[in-house]
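Asks: Pasting a structure below so you can have a look.
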Amino acid sequence: MHLNLKTILLPLVILLAGLLILTSFPGIVGSQQGSLTPTPAEDDLAKAAAIQGATVFFTIDEQAGKDAWIESFCMVSTESGCAFYKLGLSKLWKQFEAAHISITPTILSSEKVTTFPEKQGQQVWKLEIELSKPLPGRSSSKDTAYTLVVLEQGTWKFDRFLTPDEVNGLPK
């Protein structure tokens, strides 16, 4: 068999063209290095927002003060949630100061209750919460809370706790 320039160059050109195509479109040969770590699902992000919001909400240190609490809470909540809880905070905080209370919460469990198809970007999560000590005026340190989380500017955030009437109206 006689080797000439055409028999050597043709396979080399085909090989180089193939490599060029594969390196131009990295999805053809597998995943890119950046996508090796899976991204969390939307529900995981919403769940994290519900847990983080409830944890910050029930982390009460009367000595750190009301302003420190509202600043921490507003960092993890929606704008409307922050504004809502600021309204009644002064009266509530006086109870904490009178009782010299410091509370640390533990989220025992979390369960997605519903997603509102008509209100895209809203979910309700049921949380079982245990506090290091009962809130003033309460005898139990364990409770069930239903939280509304909202997708705000591309980030899931805690909005508020649902009222008993809202909880009763949730789809079963």
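Asks: I need the phi-derived Karplus couplings for segment 130-140: 6.51 cos²θ - 1.76 cosθ + 1.60, θ = phi - 60°, integer Hz, Gly and Pro marked x.
Replies: Per-residue couplings from phi come out as 10, 9, 5, 7, x, 5, x, x, 10, 9, 9 Hz.
Asks: OK, next. Calculate one ³J(HN,Hα) per residue across segment 44-58 by plugging θ = phi - 60° into the Karplus curve 6.51 cos²θ - 1.76 cosθ + 1.60, and present them in order as whole Hz with x for glycine and proline.
Replies: 5, 5, 5, 4, 4, 5, 4, 5, 5, x, 5, 5, 5, 4, 8
Asks: I've got another one for you. So what J values fall out for segment 154-160 if you push phi through Karplus, 6.51 cos²θ - 1.76 cosθ + 1.60 with θ = phi - 60°, rounded to Hz, Gly and Pro as x?
Replies: So the Karplus estimates, Gly and Pro as x, are x, 10, 6, 9, 5, 10, 5 Hz.
Asks: Fully extended, how many nm does the chain gain between T115 and Q153 (0.36 nm per residue separation, minus their Cα-Cα distance)? Write down the numbers at each step before the final one.
Replies: Working: separation 38, 0.36 × 38 = 13.68 nm, distance 1.79 nm.
Full-extension gain reported as 11.9 nm.
Asks: Using DSSP to call loops (not H, G, I, E or B), can you name the GluC sites (Glu not before Pro) in segment 65-127 whose Cβ has at most 12 other Cβ atoms within 10 angstrom? All intermediate terms of the calculation are to be shown ahead of the outcome.
Replies: Working: sites: E71, E79, E97, E111, E118; in loops: E118.
The qualifying sites are E118.
Any read-out appearing in this document is the output of simple, stated calculations on the displayed coordinates, not a laboratory observation. As the structure is a computational prediction, the values presented were derived from the model and not from experiment. Virtual Cβ from ideal backbone geometry, glycine too; neighbours counted across all protein chains shown.
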